[in-house]
Amino acid sequence: MKAKGGKAIYGTAVGILMLEARFPRIPGDMGHAMSWDFPVHYKIVRGASPDRVVRRNAEGLLPDFIAAAQELVADGVDGITTNCGFLSVFQSEIASAVGVPVATSSLMQVGMVNALLPAGKRAGILTISASTLTPAHLTGAGVPLDTPIGTTEGGQEFTRAILGNEMELDVVAAEADNVEAARALVSDHPEIGAIVLECTNMVPYASAIRMATGVPVFSIHNFVSWFQAGLSPRSF
């Protein structure tokens, strides 16, 4: 048996493009390395602040994301993801530039979730910023444009702390914002049979959202875990 070389790093199939942020990343957040059951390889995209990516459409950052993704591939990863659902606007460009599978956004699950649901039911989206989630973001992820959208904007803590890049996060208040927004989404749209969390920082609250709404909740965590399983299938 001979081992094959050619990579700088081995055993990390998934490379994660990270925003440059300082807010707390608690367990469950994709930027907290202990959230994963498998090794991941991170690359910070300098200048990509939460505000610039979410509220200003990642203006001027495409070359930086492509360069960082290419560096991850050169290091040895087999697939690329990101830690912001709003980066769906760069899906085709990054995929074309790196030559490996790319999953920029949790929103890419919406079509698959819709296919899982019974007739008359569809997925709804919970986002950190509905006011800046545009048709371009939805189209980039293959999401039907009439998909119901709920948001934590206007809440006490979550959107303010994450997009404001605050040094402290009231976790209890952030969970309450997510649960309240999810309840409102399901109440306003009774046809919702599942919720897809756009924001990667919502993962720690997925269980609470599921309990509060009674519908399945899909996040970047389960999406990337599925992605990893394809990039590095288990040997039985």
Test: residue in segment 122-137 that is in contact with a strand residue (DSSP E or B) (Cβ under 8 Å, 6 or more places away or on another chain), loosely packed, with under 14 Cβ neighbours inside 10 Å and not hydrophobic (A, V, I, L, M, F, W, C): yes
Criterion violated by residue 3 - all others in (1) of a type in the set (A, V, I, L, M, F, W, C); (2) under 28 Å from residue 132 (Cβ atoms); (3) open to solvent by 50 Å² or more (accessible area, probe 1.4 Å); (4) free of Cβ contacts under 8 Å to residues at least 12 places away in the same chain satisfied: (2)
Selection count, segment 95-107, where residues are part of a helix (DSSP H, G or I) and surrounded by fewer than 22 Cβ atoms within 10 Å (Cβ to Cβ): 4
Selection within segment 23-59 - in a strand (DSSP E or B) and under 11 Å from residue 203 (Cβ atoms): 27, 29
Cβ pairs under 9 Å, 6+ apart, first in segment 105-117 and touching a residue at least 60 places away in the same chain (Cβ under 8 Å), second among the charged types (D, E, K, R) and open to solvent by less than 10 Å² (accessible area, probe 1.4 Å): 105/198; 106/198; 107/198
Inter-residue pairs, beta-carbon under 9 Å, first free of Cβ contacts under 8 Å to residues at least 40 places away in the same chain and small (Gly, Ala, Ser) and in segment 125-141, second assigned to a helix (DSSP H, G or I) and open to solvent by 10 Å² or more (accessible area, probe 1.4 Å), 6+ apart: 131/55
Condition broken by residue 46, with the remaining ones in (1) over 20 Å from residue 196 (Cα atoms); (2) in contact with an Asp or Glu (Cβ under 9 Å, 6 or more places away or on another chain); (3) touching a residue at least 60 places away in the same chain (Cβ under 8 Å) satisfied: (3)
Extreme residue, least open to solvent (accessible area, probe 1.4 Å), among residues of segment 108-120 that are more than 17 Å from residue 141 (Cα to Cα) and touching a strand residue (DSSP E or B) at 6+ places or on another chain (Cβ under 9 Å): 117
Count - residues of segment 43-58 that are closer than 21 Å to residue 70 by Cα and either surrounded by 15 or more Cβ atoms within 10 Å (Cβ to Cβ) or modelled with pLDDT under 95 (or both): 7
Selection count where residues are part of a loop (DSSP other than H, G, I, E, B) and farther than 17 Å from residue 222 by Cα, scope segment 118-142: 9
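The values are calculated or read from the model by the stated rules, or taken from the named source; none is laboratory data. Note that this is a predicted model, so its numbers are computed, not measured. Positions of Cβ are backbone-derived with ideal geometry, glycine not excepted, and every protein chain shown enters the neighbour counts. The protein model used for the area step is the full one, side chains on, heavy atoms only, and it has no ligands, DNA or RNA in it. Shrake-Rupley method; radii C 1.70, N 1.55, O 1.52, S 1.80 Å.
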